[in-house]
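What follows is a single structure, written as structure tokens, with notes after it.
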Amino acid sequence: MRARLQRLHPSTYKRLARLSKEAEQDGAYRVAKRLQAVVLNSEGHTSGELARILKAPRSKVSAWLQRYQTDGVGGLLEGHRSGRPSELTEKQQQQLGDILHSGPVAYGLDNGIWTSPMIAWVIEEEFGVPYHPGHVRKLLHAWGFSVQRPRRILARADVAAQDRWRRHIYPNLKKKPKRGTGR
């Protein structure tokens, strides 16, 4: 089997090398690796050598070179990864958004804030679709919701007593000696 070598025009070689560096700086490491494979192949490296240099399977390196030959640079770029389709329809997502905006108390729960397990339970109750609480967070983020954490403030706290404790009593409770005591 003969090694497949790309013949690149010097300006194309420079452009691919530049694109590889830019992709790496932008964090697109896989695209940079593919572009680097084409550049190194044009220098005379075989796909086996490239696999060792780039720490990638030889079959992948051969596929990258083939894609470059057929599709050019566009064949090496990242395509859209659709992932698994959502199990909730657009209408159901809107209904869920309305439920979340009305709040957990309006839905009939006794907690004042939504939690991921609660929302996962609501989704399963309303739409019959089971979701893991960890994935619910990702969905909410994708829909534009953000995490809200309640502040813990005592309702009937004496502010003066808290300030006195924070400034006088707490520093004396610390194990670390005060500065300038000579210890």
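It is to be established whether one or more residues within the stretch 41-50 are among the acidic types (D, E), in a loop (DSSP other than H, G, I, E, B) and at pLDDT below 90.
Checked the stretch 41-50: no residue is among the acidic types (D, E), in a loop (DSSP other than H, G, I, E, B) and at pLDDT below 90.
Out of contact with any strand residue (DSSP E or B) (no Cβ under 9 Å at 6 or more places or on another chain) and closer than 30 Å to L54 by Cβ: which single residue out of Q162, Q66, Q148, Q92 fits that description?
None of the others qualify; the one that does is Q66.
Could you list all residues from the stretch 44-62 that are more than 19 Å from R7 (Cβ to Cβ) and more than 26 Å from the chain's Cα centre (by Cα)?
G48, A51, R52, I53, R58, S59
Looking at S20 and the list (1) in contact (Cβ under 8 Å) with a residue 12 or more places away in the chain; (2) part of a loop (DSSP other than H, G, I, E, B), which single condition is not satisfied?
All conditions are met except number (2).
Looking only at the stretch 84-93, which residues are open to solvent by less than 60 Å² (accessible area, probe 1.4 Å) and either in contact with a helix residue (DSSP H, G or I) (Cβ under 8 Å, 6 or more places away or on another chain) or over 22 Å from S146 (Cβ atoms) (or both)?
Selection gives L88, Q92.
Pick out the one residue from A17, A32, A37 that is under 22 Å from the mean Cα position of the chain (by Cα) and among the small types (G, A, S).
Just a single option satisfies the conditions, and that option is A32.
Which one of these does V129 not meet: (1) β-branched (V, I, T); (2) open to solvent by less than 50 Å² (accessible area, probe 1.4 Å); (3) outside any loop (DSSP other than H, G, I, E, B); (4) over 30 Å from V39 (Cα atoms)?
Exception for V129: condition (3).
Can you pull out the residues in the stretch 94-106 that are assigned to a helix (DSSP H, G or I) and loosely packed, with under 15 Cβ neighbours inside 10 Å?
Once the filter is applied, which keeps residues that are assigned to a helix (DSSP H, G or I) and loosely packed, with under 15 Cβ neighbours inside 10 Å, the stretch 94-106 yields Q94, Q95, G97, D98, H101, S102, V105, A106.
From the list L100, L35, pick out the single residue that is more than 30 Å from L5 (Cβ to Cβ), in contact (Cβ under 8 Å) with a residue 12 or more places away in the chain and touching a helix residue (DSSP H, G or I) at 6+ places or on another chain (Cβ under 8 Å).
L100
Starting from the stretch 64-75, keep only residues that are among the basic types (K, R), then list their pairs with residues that are modelled with pLDDT under 90 whose Cβ atoms are within a distance under 7 Å, requiring at least 6 positions of separation or different chains.
R67/G75; R67/L76
Looking at the stretch 132-146, which of the residues that are part of a helix (DSSP H, G or I) and touching a helix residue (DSSP H, G or I) at 6+ places or on another chain (Cβ under 9 Å) is least open to solvent (accessible area, probe 1.4 Å)?
Checked the stretch 132-146; the qualifying residue least open to solvent (accessible area, probe 1.4 Å) is V136.
The values are calculated or read from the model by the stated rules, or taken from the named source; none is laboratory data. Everything numeric in this text was worked out from a predicted model, so none of it was measured. Virtual Cβ from ideal backbone geometry, glycine too; neighbours counted across all protein chains shown. For accessibility, only protein heavy atoms count, side chains too; no ligands or nucleic acids. Shrake-Rupley method; radii C 1.70, N 1.55, O 1.52, S 1.80 Å.
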